[in-house]
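Have a look at the structure below before the remarks.
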Amino acid sequence: MKMPKSVSNWISIIGAIFAINSFILIIILFIESLLSSHDNPYNGIFTYIILPAIMVIGLILIPIGMFVKRRRKSKEGEPKWPVLDMNSSRQRHRLLLFSIFTFLFLIVSAVGSYEAFNFTESIPFCGKLCHTVMEPEYVTYLHSPHARVACVECHVGEGADWYVKSKLSGLYQVYSVLFHKYPQPISTPIKNLRPARETCERCHWPEKFYAPKLDNRRTYLTDSLNSEWNVSMMMKISPNYNTMGLTAGIHWHINKDMRIEYIASTKDRESIPWVKFTNLKTGDVQTFQDTDNMLTQKAIDTLEHRIMDCMDCHNRPSHSYKSAPVFVDEGMMKGEIPTELPFIKKVAMNVLKGPFTNKDSSLRYIRDSIYNFYKIKFPGIYAGKKFLIDKAIAGIENEFSLNIFPYMRVTSSKYLNHIGHLESDGCFRCHSDRHKSTKGKVISKDCDWCHSFISQGPSNNLQYSIVNKTMEFVHPVDVKNNWKTYFCTECHRTLYP
Ligand code: HEC
Ligand code: HEC
Ligand code: HEC
Ligand code: HEC
Ligand code: HEC
Ligand code: HEC
């Protein structure tokens, strides 16, 4: 069967070459992705986005070429549009062939766009495609309790409008990566994160009861013995009896009958000078103001009032960057960093202050500094038990790579975790003993409100509380009563900046 004459022009031929070649490549890449076991985001971006785009451009070029040619011919007297004569069997076959091709093309592109949709929602697409930029978020994600929850479950909503919104901002992100316009680190809190009601609450609905939970922690002090210190706390997530629901305890804030609003005076929401809570059932309203940081009435009227949700406490559910004292403790607990090496905690802390500019030089700096310390201060160990030092270095390097990302300038202090109060003011942003209501009531900083201490001290000399009673907190090193009067952050943030 012959093609219409108008097809023989350069525009249509080039279009056909583009379309056919990209179609063949798509099929090859598609088969390859079916056969290979690991997913490669670059393969996906070619199979589902770039090649189909070239193919469609090629297909569009074919009729354009035909049209241009026909228009030229029509000036020479030939008809401008093809004459459709259904009585001619050649024409009928052409039309049939054209219909079959169009039908096949529509099916293939429907499957293709579905795959393209799935691909742009996949974890490799979000986490690996711009791997230097997303490395910190991706690495922490893989080590989080949400490692099997897809990025889009929290970052992109259901429905077409969220899809368009996220792909538009995605286009901007591709541009910003290509032209290096992205901030380092990526700024937070992110503006268009979906509200917790639509994300977290699909899997953890607020009425779900979580019993109080025992939280055991171990830290190592910076003395020569790396002395161990333990704290066990009962976290009062909820009341002791599940029939009481969310009427008390930490998750009281998300009780559907309560609405807590606040005004943050800094972009990172670290400083909260104004809090209001409304009991929706009784209509009782209370407003608290930080007496050290009073807002003017005009500021209260104009600044954003944010309604408290899961993300105000759990702001790092899947990208939690640990600070050096925490991740070194973890390395020591896991046995990656030998605790019998004198001063290893202190040395690690000093080295981990940086400065760090890129990963390779940082690892070299960690290695050299630790070798130097033991060579000079403990030549005996350096000569006889170098394997301990080697092991410690490997452990510290490993923990470093999971938590500090020099290229994106990411450390725990850039992305403060609002749960707790040791390194970020977290709960103490409101629970300060300074936030006073008009009636003179304060939001309490009483340790026992949120957790009760069950045991504390070194393993060989643990002190226990009496059953169902709390005991007073003992600060691991003597800081007099300062832990009662100061915020923990006032010392702890300066210990390891
Ligand atoms: C369990 C929910 C959840 C999942 C799953 C998740 N994220 Fe996030 N992500 C968050 C929250 C919450 C924030 C912090 C929002 C804030 O502080 O405003 C965040 C922040 C970010 C940020 C901004 C930088 C920062 O750390 O604040 C990036 C980039 C990001 N996520 C990328 C990803 C990628 C890529 C994946 C998948 C590999 C992913 N996220 C999976 C909840 C999630
Ligand atoms: C697609 C479902 C899903 C979504 C959406 C989701 N989570 Fe989770 N979450 C999980 C699963 C699964 C676990 C692990 C449960 C387990 O280990 O028993 C978990 C665990 C947790 C934990 C306990 C962590 C721990 O250390 O044990 C917290 C806190 C949490 N999620 C908060 C959040 C917050 C906040 C959001 C919203 C930003 C969120 N989740 C969104 C499924 C989800
Ligand atoms: C006032 C702060 C705050 C708010 C608001 C909050 N949580 Fe929590 N949540 C906590 C604390 C504190 C814990 C105790 C665990 C810990 O120490 O990490 C906890 C524990 C959890 C756990 C783990 C329970 C377990 O038994 O392991 C889940 C899941 C969880 N929260 C989900 C949510 C979800 C979903 C929301 C929003 C609907 C939410 N939280 C709102 C502070 C909060
Ligand atoms: C935005 C301000 C704000 C933040 C942040 C905040 N809270 Fe609260 N919290 C309140 C207010 C307001 C009350 C009610 C005070 C009252 O009744 O006097 C409260 C009450 C409580 C109660 C007592 C509930 C009861 O009645 O039994 C607990 C426990 C608690 N908060 C724990 C926490 C923990 C843990 C965190 C950090 C993870 C936290 N809160 C963060 C505002 C806040
Ligand atoms: C408003 C609630 C609240 C109050 C008040 C509070 N805490 Fe906490 N505290 C928390 C939460 C939540 C965590 C757990 C953070 C986490 O999951 O990492 C925590 C963690 C801790 C830890 C473990 C820290 C670590 O990282 O090893 C200690 C120790 C502690 N609190 C002591 C105190 C002392 C002492 C007081 C009284 C001066 C106090 N807390 C008052 C909510 C509170
Ligand atoms: C006056 C300063 C100061 C204040 C205030 C303070 N700390 Fe500390 N804290 C220290 C010092 C110094 C160390 C010892 C560091 C070391 O040797 O590793 C330490 C160590 C600790 C440790 C064990 C090791 C570690 O580094 O995590 C815990 C747990 C702790 N403090 C909890 C708290 C809590 C909770 C508060 C607030 C209620 C608080 N501290 C307030 C100075 C302070």
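Using only alpha carbons, build the gyration tensor for segment 275-349 and give me the equivalent ellipsoid semi-axes, biggest first, whole Å.
Listed largest to smallest, the semi-axes of segment 275-349 are 45, 17, 12 Å.
If every alpha-carbon in segment 52-114 counts as one equal scatterer, what log10 I(q)/I(0) does Debye give at q = 0.11 1/Å?
Reported log10 I(q)/I(0), two decimals: -0.38.
Can you give me the angle between helix 51-75 and the longest principal axis of the chain, using Cα atoms only, in degrees from 0 to 90, rounded to the nearest 10?
Taking Cα atoms only, the helix is inclined about 30 degrees.
What is the helix-to-structure angle for 359-377, meaning the angle in degrees between its Cα long axis and the longest Cα principal axis of the chain, kept from 0 to 90 and rounded to the nearest 10?
With rounding to tens, the tilt is 30 degrees.
In whole Å, largest first, what are the principal axis extents of the Cα atoms in segment 387-443?
Projected onto its principal axes, the Cα set of segment 387-443 covers 63, 28, 11 Å.
Which value, to two decimals, describes the C-alpha radius of gyration of the chain once divided by 2.2 N^0.38 Å?
In units of the 2.2 N^0.38 Å rule of thumb, it is 1.35.
By how many nm would the segment from Lys441 to Lys334 grow when fully extended, if each residue of separation counts as 0.36 nm and the alpha-carbon distance is taken off?
That works out to 34.1 nm of additional length.
Set the Förster radius R0 to 41 Å, insert the Cβ-Cβ distance between Ser144 and Ile14 as r into 1/(1 + (r/R0)^6), and round the FRET efficiency to 0.05.
So the FRET efficiency works out to roughly 0.25.
Starting from the Cα-Cα distance between Arg90 and Trp205, subtract it from 0.36 nm times their residue separation and give me the gain in nm to one decimal.
Between Arg90 and Trp205, full extension yields 34.9 nm more.
Label 7 Å along Cα→Cβ of Asn460; segment 321-337 residues with amide nitrogen under 16 Å?
Output list for this probe position: empty.
Longer than 22 Å from Cα to Cα, which of Lys236/Lys469; Lys191/Lys213; Lys276/Lys298; Lys345/Lys377 are they? Say none if no pair is.
Cα-Cα > 22 Å for Lys191/Lys213; rest within.
Which net charge results when you count Lys and Arg as +1 and Asp and Glu as -1 among the other residues whose beta-carbon is under 12 Å from that of Lys322?
Neighbour charge sum, excluding Lys322 itself: -3.
Roughly to the nearest percent, how much of the accessible area of the chain is carbon and sulfur, given a 1.4 Å probe?
Percent of accessible area from carbon and sulfur atoms in the chain: 63.
Taking every eigenvalue of the Cα gyration tensor of segment 374-497, multiplying by 5 and rooting it, what semi-axes result, largest first, whole Å?
37, 23, 13
Highest mean first, how do 273-281, 231-239 rank when packing is the count of other Cβ atoms within 10 Å averaged over residues?
So the peptides 273-281, 231-239, ranked by packing, come out 231-239, 273-281.
In deg cm²/dmol, rounded to 500, what helix-only [θ] at 222 nm does the chain give when every DSSP H run of at least 4 residues adds -39500 (n - 2.57) and the total is split over its residues?
-13500 deg cm²/dmol
Among residues other than Asp284 whose Cβ falls under 13 Å from its Cβ, what is the net charge (Lys/Arg +1, Asp/Glu -1)?
Charge balance near Asp284 sits at +4.
Please identify which residues in segment 400-428 have an amide N closer than 20 Å to a label point set 7 Å out from the Cα of Asp215, following the Cα→Cβ vector.
412-428
Could you compute the net charge surrounding Ser271? Neighbours are other residues with a C-beta less than 11 Å from the C-beta of Ser271; K and R count +1, D and E count -1.
Taking every other residue near Ser271 into account, the sum is -2.
Multiply the residue separation of Lys484 and Asp284 by 0.36 nm, subtract the distance between their alpha-carbon atoms, and state the gained length in nm to one decimal.
In short, 68.9 nm is gained.
Quantify how much of the Cα-Cα distance distribution of segment 324-403 extends past 14 Å, in percent.
The calculated P(r) of segment 324-403 puts 56 percent of pairs beyond 14 Å.
Between the helical axis of 10-35 and the dominant principal axis of the chain, each derived from Cα atoms, what acute angle in degrees is found, rounded to the nearest 10?
40
Per q in 0.11, 0.16 Å⁻¹, report the Debye log10 I(q)/I(0) for segment 5-120, using one uniform scatterer on each alpha carbon and no solvent.
Values, matching the q order: -0.49, -0.85.
Taking the Cβ-Cβ separation of Ser74 and Phe105 as r and a Förster radius of 30 Å, what is the calculated FRET efficiency to the nearest 0.05?
0.60
Considering only protein heavy atoms, what per residue accessible area in square angstrom results for the chain with a 1.4 angstrom probe?
61
The values are calculated or read from the model by the stated rules, or taken from the named source; none is laboratory data. Worth saying up front: this structure is predicted, and the values here are computed from it rather than measured. All Cβ positions, even for glycine, are placed from backbone atoms using ideal geometry, and neighbour counts span all protein chains on display. Please note that ligands, DNA and RNA were not included when accessible areas were found on the heavy atoms of the full protein model with its side chains. Shrake-Rupley method; radii C 1.70, N 1.55, O 1.52, S 1.80 Å.
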